[in-house]
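S.K.: Could you have a look at this structure, given as structure tokens, before my questions?
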Amino acid sequence: MADFFQSGVVTTLHRLNPHDDDVIEAELVAIADHNRIGLVLPALYTEFEHPAMQQIVDELRTVRFLKRIVVAIGGATHEQYLHAAAFFRDFPTPVTALWMEHPKVEGLFRMLDDQGISAGGPGKGRTCWLCYGYLLAREDVDVIALHDCDIRNYDKSLLTRLCYPVANPNLGFEFCKGYYARTTTKMHGRVTRLFFSPLVRALITLQPTTHFLRYLDSFRYALSGEFAMRADLARVNRIPSDWGLEVGVLAEVFSNCALKRICQVDIADNYDHKHQVLSEADASAGLRRMTLEIAKNLFRTLAAQGCVLDDAAFRTVLVHYQELAQETINKYYADAMLNGLEFDRHAEASAVSAFAESLREAAETYSANPLSLPIIPNWNRVLHAIPGMFDLILDAAEEMEIVATA
């Protein structure tokens, strides 16, 4: 049973009655007549080769409150794109399958480069941004939800609980972040547990009056890939093109939305998906790359909030982070012992050492050029530069749909 404690500055919506999911799903079906909901599914082709995707597709076939689904398929040949798109054939909800390597899509990205408003390189951030653009161009959804496509124990109640706080007009929320536990026989979520939370708390020690840091620390799973927002918020948010997506989205929401309009919701008793390798010696892969890009985006965002981050500050943060992370290991060890979970203290300490190296590299990159980090302009900016951009996206999608359904 979940607790009902409210902590931090963000409203927390708990999972107190899991048997009530059918009731709120029925409410969503009625609400969706005037508060239309779209779903974004960012996926690599490799995810269509695993059972998790089929489970997600089977569950989504039974959902009746969605107006539209956009699935973005990346890292695919033409034949692989057709195979992936076929997963959604004869779906009860209209589905648009966007092929990220389609010549027209690549042409759109080149057009943005020519205008000096690059969408960055391939990645989850750029994929989500394009999907948002497609839904905004269609003008037939009011709420946009997003979740990952590698969830092994997916149930449609996850989507129901994610959408409900934003879709229900009586609640007044504009943005909702999902949270959950991640355990099997041991604890997962190392980047959140051992990197992000200790880093944010180390920065709070250095910058105790920075409201943005208190806001970040209020989220129970700040790096979750599941969130929902009003469509007009998606229109004005900028998005990092790399692994900094989740932190970047929270930063934009903080800037563009009143705190009382932001919430987090417990969407699953447990959440299991693929686990990244640590990649201790290679900052271009695995959790090392993820933590490096998260830290870069966090530092840039803090600078935009007026925080001074000089070399002395970075040295202090690095030392304090390592101290807090080691204390965190002790806390999770006790938690694991109480719950009969496996716990490898050496592996946890090795992860902290690798993450500290990511933090050091991120600080060096930021100090050398704080404006070098990729962030995609919001859709209002893009449409001022290229007024016909939405029409071009719709044309490219229509061409893909004709091919996919042939």
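S.K.: Among the residues of the range 16-72, what is the count of those that are in contact with an Asp or Glu (Cβ under 6 Å, 6 or more places away or on another chain) and closer than 13 Å to A84 by Cβ?
M.R.: Looking only at that region, the number is 2.
S.K.: Next up: Taking the options A76, A32, name whichever one is touching a strand residue (DSSP E or B) at 6+ places or on another chain (Cβ under 7 Å) and under 29 Å from P240 (Cβ atoms). I'd like the intermediate steps shown before the answer.
M.R.: Numbers: A32 fails: under 29 Å from P240 (Cβ atoms).
None of the other options fit; the residue is A76.
S.K.: Within the range 236-271, track down each residue that is over 16 Å from the mean Cα position of the chain (by Cα) and more than 25 Å from Y154 (Cβ to Cβ).
M.R.: Those that are over 16 Å from the mean Cα position of the chain (by Cα) and more than 25 Å from Y154 (Cβ to Cβ): V236, S255, N256, C257, A258, L259, K260, R261.
S.K.: Of all residues in the range 253-303, count the ones that are among the small types (G, A, S) and either in contact with a Gly (Cβ under 8 Å, 6 or more places away or on another chain) or surrounded by 15 or more Cβ atoms within 10 Å (Cβ to Cβ) (or both). Give the derivation first.
M.R.: Of the residues in the range 253-303, the ones among the small types (G, A, S) are 255, 258, 268, 279, 281, 283-286, 295, 303.
Narrowing the set further to residues that are either in contact with a Gly (Cβ under 8 Å, 6 or more places away or on another chain) or surrounded by 15 or more Cβ atoms within 10 Å (Cβ to Cβ) (or both) leaves 268, 279, 283, 286, 295.
Of the residues in that region, 5 qualify.
S.K.: Got a number for residues in the range 225-236 being surrounded by fewer than 22 Cβ atoms within 10 Å (Cβ to Cβ) and assigned to a loop (DSSP other than H, G, I, E, B)?
M.R.: 1
S.K.: From the list Y321, Y366, which one is in contact (Cβ under 8 Å) with a residue 40 or more places away in the chain and within 30 Å of E106 (Cα to Cα)?
M.R.: Values: Y321 fails: within 30 Å of E106 (Cα to Cα).
Selected residue: Y366, the only one of Y321, Y366 that is in contact (Cβ under 8 Å) with a residue 40 or more places away in the chain and within 30 Å of E106 (Cα to Cα).
S.K.: For the range 329-355, name all the residues that are closer than 15 Å to S197 by Cα, free of Cβ contacts under 8 Å to residues at least 40 places away in the same chain and aromatic (F, W, Y).
M.R.: Of everything in the range 329-355, nothing turns out to be closer than 15 Å to S197 by Cα, free of Cβ contacts under 8 Å to residues at least 40 places away in the same chain and aromatic (F, W, Y).
S.K.: Take the residues of the range 102-136 that are at pLDDT below 95 and of a type in the set (G, A, S): which is surrounded by the most Cβ atoms within 10 Å (Cβ to Cβ)?
M.R.: Only one residue tops the list, namely G125.
S.K.: Hey, another quick one. Just to be sure, is Q326 within 18 Å of T192 (Cβ to Cβ) and out of contact with any Pro (no Cβ under 7 Å at 6 or more places or on another chain)? Before you say what the answer is, go through the steps one by one.
M.R.: Working: within 18 Å of T192 (Cβ to Cβ): yes; out of contact with any Pro (no Cβ under 7 Å at 6 or more places or on another chain): yes.
For Q326, the condition - within 18 Å of T192 (Cβ to Cβ) and out of contact with any Pro (no Cβ under 7 Å at 6 or more places or on another chain) - is met.
S.K.: Give S284, S279, S358 a once-over and let me know the one that is within 19 Å of S197 (Cα to Cα) and either at pLDDT 90 or above or more than 18 Å from the chain's Cα centre (by Cα) (or both).
M.R.: Numbers: S284 fails: within 19 Å of S197 (Cα to Cα); S279 fails: within 19 Å of S197 (Cα to Cα).
Within the list S284, S279, S358, the selection yields S358.
S.K.: Which pairs do you get when a residue that is farther than 18 Å from L259 by Cβ, found in the range 187-212, comes within reach of a residue that is among the small types (G, A, S) and surrounded by fewer than 20 Cβ atoms within 10 Å (Cβ to Cβ), reach meaning Cβ atoms under 8 angstrom, with the pair 6+ apart or on two chains?
M.R.: Sorted first by the residue in the range 187-212, then by its partner, the pairs are M187/A336; L206/A313.
S.K.: Go through the range 165-184 and report how many residues are among the polar types (S, T, N, Q) and surrounded by 24 or more Cβ atoms within 10 Å (Cβ to Cβ).
M.R.: Here is the first cut: in the range 165-184, the residues among the polar types (S, T, N, Q) are 168, 170, 183-184.
Still in the running and surrounded by 24 or more Cβ atoms within 10 Å (Cβ to Cβ): none.
The qualifying residues number 0.
S.K.: Need pairs with beta-carbon distance below 9 Å; first residue at positive phi and within the range 257-279, second surrounded by fewer than 20 Cβ atoms within 10 Å (Cβ to Cβ); sequence gap 6+ or separate chains.
M.R.: Qualifying pairs under 9 Å: S279/A285; S279/G286; S279/R289.
S.K.: Of everything in the range 137-164, what is of a type outside the set (V, I, T) and crowded, with 21+ Cβ neighbours inside 10 Å? Give them in sequence order. First the steps, then the outcome.
M.R.: To start, the set of residues in the range 137-164 that are of a type outside the set (V, I, T) comprises 137-140, 142, 145-150, 152-159, 161-164.
Listed by number, the residues that qualify are A145, L146, H147, C149, Y154, L158, L159, R161, L162, C163, Y164.
S.K.: I've got another one for you. I'm told F91 meets every condition in (1) under 24 Å from D142 (Cα atoms); (2) within 24 Å of the chain's Cα centre (by Cα) except one. Can you identify the failing condition by its number?
M.R.: F91 satisfies every listed condition except (2).
S.K.: Can I ask one more? Quick check: is even one residue across the range 87-101 touching a Leu at 6+ places or on another chain (Cβ under 8 Å), crowded, with 19+ Cβ neighbours inside 10 Å and not charged (D, E, K, R)?
M.R.: Yes; the residues of the range 87-101 include at least one that is touching a Leu at 6+ places or on another chain (Cβ under 8 Å), crowded, with 19+ Cβ neighbours inside 10 Å and not charged (D, E, K, R).
S.K.: Same structure again: For the range 361-403, how many residues meet the condition of being under 21 Å from P198 (Cα atoms) and either among the hydrophobic types (A, V, I, L, M, F, W, C) or at pLDDT 95 or above (or both)? If you could, list the steps in order and put the result at the bottom.
M.R.: Taking the range 361-403 as the starting set, the residues that turn out to be under 21 Å from P198 (Cα atoms) are 361-366.
Still in the list and also either among the hydrophobic types (A, V, I, L, M, F, W, C) or at pLDDT 95 or above (or both): 362-363.
Count: 2.
S.K.: Mind checking which residues of the range 79-106 are of a type outside the set (A, V, I, L, M), touching a helix residue (DSSP H, G or I) at 6+ places or on another chain (Cβ under 8 Å) and closer than 21 Å to D395 by Cα?
M.R.: Residues satisfying the conditions are Y81, F88, T93, T96, W99, E101, H102, K104.
Yes/no per residue for (1) closer than 16 Å to V265 by Cα; (2) under 16 Å from the mean Cα position of the chain (by Cα):
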{"residue": "R152", "(1), (2)": "no, no"}
{"residue": "L162", "(1), (2)": "yes, yes"}
{"residue": "V166", "(1), (2)": "yes, no"}
{"residue": "T183", "(1), (2)": "no, no"}
{"residue": "V191", "(1), (2)": "no, yes"}
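S.K.: Right, next: Residues that are in contact (Cβ under 8 Å) with a residue 40 or more places away in the chain, closer than 26 Å to Y164 by Cβ and in contact with a Pro (Cβ under 9 Å, 6 or more places away or on another chain): which helices (runs of 4 or more DSSP H) entirely in the range 28-146 hold 3 or more of them? Step through it out loud before you land on a result.
M.R.: Working: elements: 51-60, 78-85, 103-114, 124-138.
Output list reads 124-138.
S.K.: Please work out which residue is nearest to the chain's Cα centre (by Cα), limiting yourself to the range 193-217 and to residues that are of a type in the set (S, T, Y) and surrounded by fewer than 19 Cβ atoms within 10 Å (Cβ to Cβ). Before you say what the answer is, go through the steps one by one.
M.R.: Filtering the range 193-217 down to residues of a type in the set (S, T, Y) leaves 197, 205, 209-210, 215.
In the following step, the residues that additionally are surrounded by fewer than 19 Cβ atoms within 10 Å (Cβ to Cβ) were identified as 205, 209-210.
On the way: T205: 26, T209: 27, T210: 23 Å.
Per the criteria, the residue is T210.
The values are calculated or read from the model by the stated rules, or taken from the named source; none is laboratory data. Since the model is a prediction, treat every value here as computed from it, not as a measurement. In this analysis, Cβ positions are derived from the backbone assuming ideal geometry, glycine residues included, and neighbour counts consider all displayed protein chains.
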